[in-house]
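To start, the structure under review is shown below, and the notes come after it.
The values are calculated or read from the model by the stated rules, or taken from the named source; none is laboratory data. Remember, predicted model here, so these are calculated numbers, not experimental data. Backbone-built Cβ (ideal geometry, glycine too); neighbour counts: all protein chains shown.
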Amino acid sequence: MKNEIPEVSRSSILAAILPESVQPPLGTGLVLDAWMDAQAGAICRGEWSGWPCAGGFDLLRDAVIAADADQGALWLVDDLKRDLRPCFSIGENSELFLREIRQPLSSGLISMVFFTEDSICEAEVGRRSEYCPDVDSRLGAKTKAMIAIPVFFAQRCRGVFSAVLFDVNPKKSHKETFLHSDFDTLSQAATLWGELMDSQLAGFVMQVGSTITS
């Protein structure tokens, strides 16, 4: 049997944590859903006190390394600013990536994956009509191949996990494209990361509920 928070506790949690601008809907399940959605939104904006989940980024980092990608990133949606922001990155341009890069929801393959909730494994990114060169221009690179996978937690798509190969000097030994096994590795990591966040959120709900009712 699942542990359940008494209805009064859910209301107390909402009153204590939800911003004043968020009006909780009626109904026990809807109240908890609203709270979870608000916390997930705070996670995506980098405003949640429980973030980041210990070991979560290691999971993503290991997947990018296993795929031998040049750059990997976890993008989370900021519903207020209407863009996707990198909260994790591995690669040569990681510091710049995290500090300056944002992807508007109105353009780019990453945004397309977020809206369609369909993964892509693209060998020639530049041939896609949805390709937007803005991020490449900022990084001083040119993306050749890309894997991008929607990330789900708190009941909906919250972001995209991506890995890319850059177009480099053909005279140097370099991975040309991603394999099916690379896609499987990154997909599994994206799924596990989402489940990890769900687990952390659920644990936080139980912890706060126990504190309030004790």
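Annotations for the structure displayed:
The rows are residues; the columns are (1) in the same structural domain as Gln39 (by TED's automatic domain parsing); (2) more than 26 Å from Gly56 (Cα to Cα); (3) out of contact with any helix residue (DSSP H, G or I) (no Cβ under 8 Å at 6 or more places or on another chain).
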site: Gly72; (1), (2), (3): no, no, no
site: Val77; (1), (2), (3): no, no, no
site: Leu84; (1), (2), (3): no, no, no
site: Ile90; (1), (2), (3): no, no, no
site: Ser94; (1), (2), (3): no, no, yes
site: Phe97; (1), (2), (3): no, no, no
site: Val113; (1), (2), (3): no, no, yes
site: Gly126; (1), (2), (3): no, yes, yes
site: Ala141; (1), (2), (3): no, yes, yes
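Let's see how each residue does on (1) part of a strand (DSSP E or B); (2) among the aromatic types (Phe, Trp, Tyr):
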| residue | (1), (2) |
| --- | --- |
| Ile65 | no, no |
| Ala69 | no, no |
| Leu84 | yes, no |
| Phe115 | no, yes |
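- Selection within the range 126-153 - touching a Leu at 6+ places or on another chain (Cβ under 7 Å) and within 18 Å of Gly91 (Cβ to Cβ): Leu139, Lys144, Ala145, Met146, Ile147, Ala148, Ile149
- Pair list, Cβ under 7 Å, 6 or more apart: the range 73-86 residue farther than 15 Å from Gln39 by Cβ, other residue of a type in the set (Lys, Arg) and in a strand (DSSP E or B): Trp75/Arg85
- One residue stands out among those in the range 132-179 that are in a helix (DSSP H, G or I) and free of Cβ contacts under 8 Å to residues at least 12 places away in the same chain: the one that is surrounded by the most Cβ atoms within 10 Å (Cβ to Cβ), which is Asp136.
- Pairing each residue of the range 103-120 that is within 18 Å of Leu80 (Cβ to Cβ) with any residue that is in a loop (DSSP other than H, G, I, E, B), provided the two are 6+ apart or on different chains, yields C-beta distances under 6 Å for Leu105/Arg82; Ser111/Leu105.
- Any hit, the range 22-31, residues being surrounded by 15 or more Cβ atoms within 10 Å (Cβ to Cβ), modelled with pLDDT of 65 or more and not in a loop (DSSP other than H, G, I, E, B): yes
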